[in-house]
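Nothing in this text is a laboratory measurement; each read-out follows from the coordinates by a stated rule. The structure presented is a predicted model; accordingly, all values stated were derived computationally and were not measured. Cβ atoms come from the backbone with ideal geometry, glycine included; neighbour counts cover every protein chain shown.
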Amino acid sequence: MAVVQPAGSEAASGMFGWMRSWWNWCPTSELLLKQAEERLISYVHTAYEDKIVSISKGNFIRTICMKQDTENEKTPLVMVHGFGSGVGLWVKNLDALSSQRTLFAFDVLGFGRSSRPKFSNNATNAERQFVDSIEEWREEMGLNKFVLLGHSLGGYLSAAYALRYPQRVQHLILIDPWGFPERPPPGQASGRPRVPMWIRALVFLVQPFNPLALVRAAGPWGPSLIQKFRPDFKNRFKDVDDAILYDYIYHCNAQAPSGETAFRSLTESVGWAKYPMLMRIHEIEERVPITMIYGSRSWIDNETGWKVKDLRKDSFVDVHVRNYILFIIS
């Protein structure tokens, strides 16, 4: 007897076949990311609480909290990671930084294990979406004031948050912050970010696409591709098994490119922001102290820190350039 298929079943079959093909080619999932993160965070000795914090439009922010129940509790610390990262890459910092105060670290919206919504392709609106998500997270967590620490892209987003919500920021700490200097006119030599070869090569290969499209396009070779482009991670995470580290980074970036797409919207060219923070940093309330910390071999130009200090003459701005920084993770 002939079997009559329902209308559309052929298309559905084709869709599921495509999904199976994609899974075989790009072997990742939310579960695999969760498992990879658990293996990496097993290197942390301090007890922590795992939270899924709901915000607007059905989105959520994945958060870890390390609480200190002391009588003389210090202002809590909130940590915002950089591009292509997640809470797992704070693994070398969490024990030390949570030893004297409550610490919160979350996966930025569009990255890690947080929601991966559609962002605006307009730089101003995309930045606002990021900042709104941080403020909604703060409200849900019931935090009144905190020390805000941002690394790389997280530094840019932390500064953008402090611009809109200065009353919530006890101290702004920026670690190798991305997106501060203004792009010079064509042909003019200036303090161009010392973009490392791995970034220039990656951008050249995937310029028409999202920054990490090559990782996904490489499918099962994605993890080894990350190792090839970022061998420096081995030195920066010496106590962490290479396979565990790179597996986590791969699964963070093989998921749907949500925050990655937003970052592309924020970017004018490799190393440059469309709306540089240096042009706006003076608008942060004077009472907000800022500490800027740079690695001596970082590709982020530390001259920006001194420019911020000059622009905020009536405010506290402390600039450090160090050979080794506890906070630096990429």
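Quick one: Karplus J couplings for the stretch 254-269, per residue in order, coefficients 6.51, -1.76, 1.60, θ = phi - 60°, nearest Hz, x for Gly and Pro?
Per-residue couplings from phi come out as 8, 6, 4, x, 8, x, 4, 5, 5, 4, 4, 5, 6, 9, 8, 7 Hz.
Below 17 Å, Cα to Cα, which lysines can LYS118 reach? Residues fewer than 8 away in the same chain don't count.
Output for LYS118: LYS57.
Tell me which residues come under 5 Å, amide H to amide H, from PHE60 once H is placed; ignore anything under 5 positions away on its chain.
Sorted by chain and number, the residues that satisfy this are ILE55, SER115.
For the stretch 19-164, count the residues as N, evaluate 2.2 N^0.38 Å, and divide the Cα radius of gyration by that value, please.
On the way: Rg = 15.8 Å, N = 146, 2.2 N^0.38 = 14.6 Å.
My calculation over the Cα atoms of the stretch 19-164 gives 1.08.
List the pair-distance distribution P(r) of the stretch 73-152, using every Cα-Cα distance, as the percent of pairs falling in each 10 Å bin from 0 up to the bin containing the longest distance, rounded to whole percents.
16, 49, 29, 6, 0
List the pairs from LYS92/LYS307; LYS92/LYS238; LYS145/LYS309; LYS67/LYS145; LYS92/LYS234 whose alpha-carbon separation is above 18 Å, in the order I gave them.
Violating the 18 Å limit, Cα to Cα: LYS92/LYS307; LYS145/LYS309.
Could you give the dipole magnitude of the stretch 20-175 about its Cα centre, charging the beta-carbon of Lys and Arg +1 and that of Asp and Glu -1, in debye to the nearest 20?
On the way: 18 positive and 16 negative charges, 78 e Å.
Here the stretch 20-175 has a charge dipole of around 380 debye.
Would you work out which of GLN100, ILE52, GLN68 lies farthest towards the positive end of the dipole of the stretch 30-137, given +1 charges on the beta-carbon of Lys and Arg and -1 on that of Asp and Glu, about the Cα centre?
Farthest towards the positive pole: ILE52.
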